[in-house]
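Structure, as structure tokens:
The values are calculated or read from the model by the stated rules, or taken from the named source; none is laboratory data. Predicted model, so just to flag it, every value in this text is computed and none were measured. Don't worry about glycine lacking a Cβ; one is built from the backbone with ideal geometry, like all the others, and counts go over all protein chains shown. In case anyone asks, the SASA skips ligands and DNA or RNA and just uses the protein heavy atoms, side chains included. Shrake-Rupley method; radii C 1.70, N 1.55, O 1.52, S 1.80 Å.
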Amino acid sequence: MRVLPPRQGLPENTVMFECSFQMNKSEIRDYLKDIYSLESLQINTEIVDGERFKYQVPELGVKTHTNTHKKIAYVVLKDKIMNYPSNEFFKLTPKTVEEPSSSSNPPDLVPAPS
């Protein structure tokens with residue numbers, strides 16, 4: 001499980017977590033109680049579609065791929081107000097892409113024109 005940045009309009013005592021698909025509400029409640037000592041009043045879950053993108057395969061044309069879906073848990077805390085860290089905590093660092101050397105074979109997947 002990992003904490004997600006707060007959405008605008010959520011109450012101060014509501015926290016969003018991304019969790020495993022196999023976890024149900026009672027397991028989420030037990031996990032938060034055992035690991036973080038958080039008491040919860042209510043837990044709602046939502047399944048969010050993954051991102052879709054297109055790529056081009058030589059001789060086959062354009063293919064589409066969908067990343068895995070995510071399960072989001074909205075946890076209403078009993079007595080606490082969640083103090084989130086700064087926004088820098090939630091920003092993702094860009095991944096560096098290494099240039100393939102000229103001696104290596106060209107990749108099989110080529111980005112499709114948008």
Subject >> Distance-filtered residues of the stretch 32-61 - backbone nitrogen under 15 Å, label point 7 angstrom along Met1 Cα→Cβ >> reply: 32-46
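Quick one: ranking Glu12, Glu46, Glu18 by accessible area, 1.4 Å probe, largest first, what do you get? Numbers along the way, then the final one.
Values: Glu12 130, Glu46 70, Glu18 45 Å².
So the residues, ranked largest to smallest area, are Glu12, Glu46, Glu18.
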Original post:
Rounded if a/c is under 1.5, else prolate if a/b is larger than b/c, else oblate: which is the stretch 1-51, with a ≥ b ≥ c the root eigenvalues of its Cα gyration tensor?
Top reply: oblate
